[in-house]
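Visitor: Quick one: this structure, given as structure tokens, is what I'll be asking you about.
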Amino acid sequence: MTTIDTPTRKSGWRAWLTSDSPASRTHARCVQLYLGWLDLSRNPLAMIGLAIVVALVLVSAMAPILATHDPFAQVLSDRLLSPGEGGHLLGTDELGRDIFSRVIHGASITLYIVALVAATAPIAGLIVGTVAGYLGGWADIALMRLTDIFLAFPRLVLALAFVAALGPGIENAVLAIAITSWPPYARIARAETLTIRNSDFIAATRLQGASQSRIIWGHIMPLCLSSVIIRVTLDMAGIILTAAGLGFLGLGAQPPTPEWGAMISAGRKFILDQWWVATVPGLAIFTVSLGFNLLGDGLRDVLDPRSSQ
């Protein structure tokens, strides 16, 4: 019986993933993904950002296991304990709740907000931008003027207006952030579409009888995805800060939900004497935002061919 040793098997997979002549479209995509991963792995800052994002996902998934206390349990006799005192790793807040456990559970809320906004705003912006760029004319004028109206207002101010109209709550906060986050993606998608809509392969597809919707969905949108993905990753920090700002103002997640912005708001009156109440969730926001920014910079270097020139 013939056996293949591990080095040979690894070299076979590596050769397949670095082939200069892919045998199929799936093979070509696998080669592209592998080469992109190699480029990303050579960037130490991007790997640090990826590690922070992965840690956020893992902490969110294992929050019930990692939390040392009930994040909602109020023990007034243990209020405002310093870090390490009374078995509380990061101390307690004004109601005696364990800050470490609340920060751990707050990671789930942050990931929930980021995931929902990333699944809605970029898609809406991509559709608006590609349609406006490809059709041109009155469609372009109407869609881009609508985009300009949204861009004329600061994101947080516009989100505050929508939340005030819809009512406080995490679902309304996510909806408000998504509504105010799509215009930059529309601008990017329109700019990319304008550069490729008169390309030879688009003209050939049009001559073959492809409809406008098929050209937009099947040819133009995939070519705009890389720029949109880069912008999404870089915007995650802004989305987290906007969500935290809404929570800080009492318009996001409502008490006793352990949302980081709401935790900072509750702890701001103790900042001089019991600094950990507001500092710990603030450091969590800073770390996660930094991770998304570092990962976004790395993805920009990998996915944007113009950045390597």
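Visitor: Which of the following residues is at positive phi, out of contact with any helix residue (DSSP H, G or I) (no Cβ under 6 Å at 6 or more places or on another chain) and surrounded by fewer than 18 Cβ atoms within 10 Å (Cβ to Cβ): G218, G167?
Guide: Step by step, each of G218, G167 is checked, and only G167 is at positive phi, out of contact with any helix residue (DSSP H, G or I) (no Cβ under 6 Å at 6 or more places or on another chain) and surrounded by fewer than 18 Cβ atoms within 10 Å (Cβ to Cβ).
Visitor: Turning to a different aspect of this structure: Within the bounds of segment 262-274, is there any residue that is over 28 Å from the mean Cα position of the chain (by Cα), farther than 25 Å from A142 by Cα, assigned to a helix (DSSP H, G or I) and among the hydrophobic types (A, V, I, L, M, F, W, C)?
Guide: Yes, there is a match, as at least one residue in segment 262-274 is over 28 Å from the mean Cα position of the chain (by Cα), farther than 25 Å from A142 by Cα, assigned to a helix (DSSP H, G or I) and among the hydrophobic types (A, V, I, L, M, F, W, C).
Visitor: Report yes if T180 is among the β-branched types (V, I, T) and either more than 20 Å from V128 (Cα to Cα) or buried (at least 21 other Cβ atoms within 10 Å of the Cβ) (or both), otherwise no.
Guide: Taking the combined requirement at face value, the residue satisfies it.
Visitor: Please name all residue pairs, on different chains or six or more residues apart, with Cβ atoms under 9 Å, provided the first residue is in segment 206-234 and is without any contact (Cβ under 8 Å) to a residue 24 or more places away in the chain and of a type outside the set (D, E, K, R) and the second residue is surrounded by 13 or more Cβ atoms within 10 Å (Cβ to Cβ) and assigned to a helix (DSSP H, G or I).
Guide: Close Cβ pairs satisfying both conditions: A210/H219; W217/T130; G218/T205; H219/I196; H219/I202; H219/T205.
Visitor: Residues of segment 249-277 being surrounded by 20 or more Cβ atoms within 10 Å (Cβ to Cβ) and either over 25 Å from F162 (Cα atoms) or free of Cβ contacts under 8 Å to residues at least 24 places away in the same chain (or both), which ones?
Guide: A262, I264, S265, G267, W276, V277
Visitor: Checking S101 against (1) at pLDDT below 90; (2) crowded, with 23+ Cβ neighbours inside 10 Å, which test does it fail?
Guide: All conditions are met except number (1).
Visitor: Could you check S77 against (1) at pLDDT 90 or above; (2) surrounded by fewer than 18 Cβ atoms within 10 Å (Cβ to Cβ) and say which number it fails?
Guide: Only one criterion is unmet by S77, namely (1).
Visitor: I would also like to ask the following. State all residues of segment 53-97 that are at positive phi and either in contact (Cβ under 8 Å) with a residue 24 or more places away in the chain or outside the structural domain of G298 (by TED's automatic domain parsing) (or both); if no residue qualifies, say none.
Guide: Scanning segment 53-97 gives L80, G91.
Visitor: Between S307, S289, which is closer than 27 Å to W182 by Cα, modelled with pLDDT of 90 or more, surrounded by fewer than 22 Cβ atoms within 10 Å (Cβ to Cβ) and of a type outside the set (K, R)?
Guide: S289
Visitor: Looking at segment 104-124, is at least one residue under 12 Å from M263 (Cβ atoms), assigned to a loop (DSSP other than H, G, I, E, B) and in the same structural domain as I170 (by TED's automatic domain parsing)?
Guide: Looking for residues that are under 12 Å from M263 (Cβ atoms), assigned to a loop (DSSP other than H, G, I, E, B) and in the same structural domain as I170 (by TED's automatic domain parsing), one finds none in segment 104-124, hence no.
Visitor: Can you name the condition, by its number, that G36 falls short on among (1) touching a residue at least 40 places away in the same chain (Cβ under 8 Å); (2) assigned by TED's automatic domain parsing to the domain that holds V232?
Guide: Going through the list (1) touching a residue at least 40 places away in the same chain (Cβ under 8 Å); (2) assigned by TED's automatic domain parsing to the domain that holds V232, G36 breaks only (2).
Visitor: Considering only segment 189-212, I want to know if a residue exists there that is surrounded by 19 or more Cβ atoms within 10 Å (Cβ to Cβ), touching a Gly at 6+ places or on another chain (Cβ under 7 Å), assigned to a helix (DSSP H, G or I) and of a type in the set (A, V, I, L, M).
Guide: Checking segment 189-212: at least one residue is surrounded by 19 or more Cβ atoms within 10 Å (Cβ to Cβ), touching a Gly at 6+ places or on another chain (Cβ under 7 Å), assigned to a helix (DSSP H, G or I) and of a type in the set (A, V, I, L, M).
Visitor: Does I141 satisfy being touching a helix residue (DSSP H, G or I) at 6+ places or on another chain (Cβ under 7 Å) and in a helix (DSSP H, G or I)?
Guide: When the stated conditions are applied, I141 does not pass them.
Visitor: Please go through segment 142-159 and pick out each residue that is of a type in the set (G, A, S) and within 22 Å of L246 (Cα to Cα).
Guide: Matches in segment 142-159: A152, A159.
Visitor: Could I ask something else about it? Could you please let me know if H27 is over 15 Å from the mean Cα position of the chain (by Cα) and either part of a helix (DSSP H, G or I) or outside the structural domain of T147 (by TED's automatic domain parsing) (or both)?
Guide: In short, yes.
The values are calculated or read from the model by the stated rules, or taken from the named source; none is laboratory data. Everything quoted here is computed from the prediction, not taken from an experiment. Every residue, glycine as well, gets a Cβ built from its backbone with ideal geometry; the counts of neighbours run over all protein chains shown.
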